1. Taking the residues in segment 87-112 that are part of a loop (DSSP other than H, G, I, E, B) and at pLDDT 90 or above as candidates, determine which candidate is surrounded by the most Cβ atoms within 10 Å (Cβ to Cβ).
2. Out of segment 171-183, which residues are buried (at least 19 other Cβ atoms within 10 Å of the Cβ) and either among the polar types (S, T, N, Q) or assigned to a helix (DSSP H, G or I) (or both)?
3. Any residue in segment 199-219 that's modelled with pLDDT of 95 or more: show its pairings with residues that are assigned to a loop (DSSP other than H, G, I, E, B) at Cβ separation under 6 Å, as long as the two are six or more apart or on different chains.
4. Name the residue that is nearest to Glu14 (Cα to Cα), counting only residues in segment 64-86 that are touching a residue at least 12 places away in the same chain (Cβ under 8 Å), assigned to a loop (DSSP other than H, G, I, E, B) and over 21 Å from the mean Cα position of the chain (by Cα).
Amino acid sequence: MKILVPLDGSGLSEVVLPWAKLLGSKVELMKSYMPLDNIKLSPELPITIAEMVNDMDVHKNVEKYLIRQAEKLDGPEVTVYCAIGQPADSILLRSDEFDLVVMASHGHSGITRWLLGSVTTKVVRAGTTPVLVVSARPDPRPRPAKLDTIFVPLDGSSTSEKSLAMATQLAQRFDAELILYEGVVYRDRTPEEDDWQAISAQEYLQARAKEMGDLKVKVVVHESRKGPEICDQAEKYGADLIVMGSHGRSGVSR
């Protein structure tokens, strides 16, 4: 699998490296930068950028940084790429040449109340290449990069099912168990309507499971009044990875 790994010089962005090593046969590490005449000197600039400006050789410093990170990836074939431009735009332009983009949920700007950082959000929403987002949030019990259990939320729509191809490919490669999941949310309906919705979800997931041949597949329908509860349920079943479409039944809007 050919993987693109965007980095931004921060430790947060580098949490993806073990996953790149696990998944990629060919890995390209990339970092984008703005030309010197577009950089506004400020004491608030990240130290890595300040050092680049002082050296007056931005490209060379970016390349050195990427080479240092590449040395951590023994195993896959690794190349480095320095891009000029805004990070999200540079990633989107480059990503069409790859099977998968692996990037951190947050980078230089740090972790705020948002689920994803602005660059990651734009790449997930606007790109056509699958994106693996690795959480950059501090974890008192860091998990190793492994794929024993893959959690696949579906909602019956063709857009949500676009995740099945990648999930199946990974399950075959790592002999992982697939958990096909649908959250049934009850909202002021009769008990009969609630039962019908749960039964329909079960039948739908079982039909998808039969299409996967000899793969190890478990079907889970979770009934709740709070919402799909995807993250909580993935944690409950010990999932190493959640594979899902960027949009579901509601479709692609703004």
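The values are calculated or read from the model by the stated rules, or taken from the named source; none is laboratory data. Because the structure is a prediction, the values reported are computed rather than measured. Cβ sites come from the backbone with ideal geometry, for glycine too, and all protein chains shown count toward neighbours.
1. Once the filter is applied, the top-ranked residue is Phe98.
2. Correct list: Ala171 only.
3. Listed pairs, sorted by first residue: Tyr204/Gly156.
4. Filtering segment 64-86 for residues that are touching a residue at least 12 places away in the same chain (Cβ under 8 Å), assigned to a loop (DSSP other than H, G, I, E, B) and over 21 Å from the mean Cα position of the chain (by Cα), the one nearest to Glu14 (Cα to Cα) comes out as Asp74.
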